[in-house]
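S.K.: Right, I'll just put the structure down here and ask away after.
Any read-out appearing in this document is the output of simple, stated calculations on the displayed coordinates, not a laboratory observation. Values in this document were obtained by computation on a predicted structure and should not be read as measured data. Cβ placement follows ideal geometry from the backbone for every residue including glycine, while neighbour counts extend to all protein chains displayed.
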Amino acid sequence: MKRIVFMGTPDFSVPILQSLIQSQYDVVLAVTQPDRPKGRKKIMTPPPVKEEAEKHGVPVLQPEKIKEDYARILAYEPDIIITAAYGQILPAELLTTPSFGCINVHASLLPELRGGAPIHYAILEGKKETGITIMYMVEKLDAGDMIAQRKVPIEEQDHVGTLHDKLAETGASLLTDILPAIFNEAITPKKQDENLATFARNIKREQEKIDWQQPHDVVYNHIRGLHPWPGAFTTYEGNIMKIWWGEKDAHTYTGSPGEIVQVIDQEAFIVVCGDQKGIRISEIQPAGKKRMSVGQYLQGSRDRIKTGTIMGD
């Protein structure tokens, strides 16, 4: 029975780990990031992969720095190491020691969108499809030879959360399908075209701010490309306001980009974008408040949202 070490950390990795546990192979170890403090109370919280591994009695290692603490992993004598959103760069010894190497399940159609936020950028860039690539790992970021790919369409209403779940399940399914061929040495890896490489680096705070000067479809992609994490924001009367959800409105409006031009039935409000078309905002988080529907925010007074006000100043 082939011995597998699995390395992953967030929710994306869990279905992939589950598929391996349910396979005919032996998952001898799960490697994940250390527990981290979360929330306002800074409660130490284990990564999802740790929780899933422990449910099934799989031993867990959580090295702070994998490059300095990898000998314990090799002691498990894996035939292959499989990674999925682990979160650290692996040293050469881990990549080369297992008989069948080290492979990664990546959430894009490489060589597009190498890096840590491929799901976000697929939506931010308005792509109509993305997918999963399984590749051999090398010391350069997401640049190894590709073993298999599977496409996933991006629907108009998809956001990071829904696309994340589709890709995680696709990754688990593709890995299950391709592992026998890997172990039977019946694959022909394909080199990536470096000229086509693009990058999806981790989202920075300044990228979360909405630019109302952009066309309404770009603003819509911005909102859903950051939903439900980390969330897009703008300003309203000098205070930060998160915009959790909005939809495109194809009507043409007179008004400046960022201007609130209409409040609709106490349920939503419309903001003009750079192409004079709108975004119908339905879910927000005002400064110092919890996330809520616009309807909840407007209860008791329409004056909470003032038409003619410019957002984003």
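S.K.: Give me the aspartates and glutamates in straight-line cross-link reach of Lys50: C-alpha distance below 13 Å, same-chain residues under 8 apart excluded.
M.R.: Here the aspartates and glutamates satisfying the reach criterion relative to Lys50 are Asp11, Asp35.
S.K.: Ok, one more. Starting from the Cα of Ser99, step 7 Å along the direction of its Cβ; do the same at Glu267; then give the gap between the two resulting points in nm.
M.R.: Taking the two extended label points, one gets 6.2 nm.
S.K.: Count the lysine pairs in segment 205-304 that are 8 or more places apart or on different chains: how many have C-alpha atoms under 18 angstrom apart?
M.R.: 5
S.K.: Students often get this wrong, so try it: which of (i) 19.5; (ii) 21.3; (iii) 18.8 is Kirkwood radius over Cα pairs in Å as calculated from the structure shown?
M.R.: Entry (ii).
S.K.: Quick one: compute the contact order of segment 205-304, relative version, from alpha carbon pairs under 8 angstrom and 6+ residues apart, as a percent.
M.R.: So the answer I get is 26 percent.
S.K.: Taking 7 Å along the Cα-to-C-beta vector as the label spot, tell me the Lys140-Lys65 distance in nanometres, rounded to one decimal.
M.R.: Distance between label points: 2.6 nm.
S.K.: Order of 185-196, 45-56, 66-77 by packing, highest average Cβ count within 10 Å first? Can you show the working numbers first?
M.R.: On the way: 185-196: 11.0, 45-56: 18.2, 66-77: 13.9.
Packing proxy ranking, top to bottom: 45-56, 66-77, 185-196.
S.K.: Using the Kyte-Doolittle scale, which helices in the chain average at least 0.0 and also have C-alpha atoms spread 15 Å or more along the helix axis, with helices defined as whole DSSP H runs? Walk me through the intermediate numbers first.
M.R.: Values: long enough: 160-183 (33 Å, 0.73).
Once both thresholds are applied, what remains is 160-183.
S.K.: Same structure again: Who wins for biggest fluctuation among Ala85, Ala107, Ala268 in a Gaussian network model of the chain, springs between alpha carbons below 10 Å?
M.R.: Of the options given, Ala268 has the highest mean-square fluctuation.
S.K.: Would you list which lysines come within 25 Å of Lys191, measuring only between C-alpha atoms, while excluding same-chain residues fewer than 8 positions from it?
M.R.: Within the straight-line cut-off, Lys191 pairs with Lys127, Lys128, Lys140, Lys151.
S.K.: Within 10 Å, count the other beta carbons around each residue, average over each peptide in 149-161, 127-139, and list them highest first.
M.R.: Numbers: 149-161: 15.6, 127-139: 19.8.
Packing proxy ranking, top to bottom: 127-139, 149-161.
S.K.: First measure r as the distance between the Cβ atoms of Ser173 and Thr235, then evaluate 1/(1 + (r/R0)^6) with R0 = 45 Å and state the FRET efficiency to the nearest 0.05. Can you show the working numbers first?
M.R.: Details: r = 43 Å, r/R0 = 0.95.
Taking R0 as 45 Å, the efficiency between Ser173 and Thr235 is 0.55.
S.K.: So, one more: So for the chain, averaging the separation of alpha carbon pairs under 8 Å that are six or more residues apart and normalising by length, what relative contact order in percent results?
M.R.: Working: 704 pairs, mean separation 40.5, N = 313.
Once divided by the residue count of the chain, the mean separation gives 13 percent.
S.K.: Based on the Cβ-Cβ distance from Glu155 to Asp11, what FRET efficiency comes out when R0 is 22 Å, to the nearest 0.05?
M.R.: On the way: r = 20 Å, r/R0 = 0.92.
Once the sixth-power term is evaluated, E becomes 0.65.
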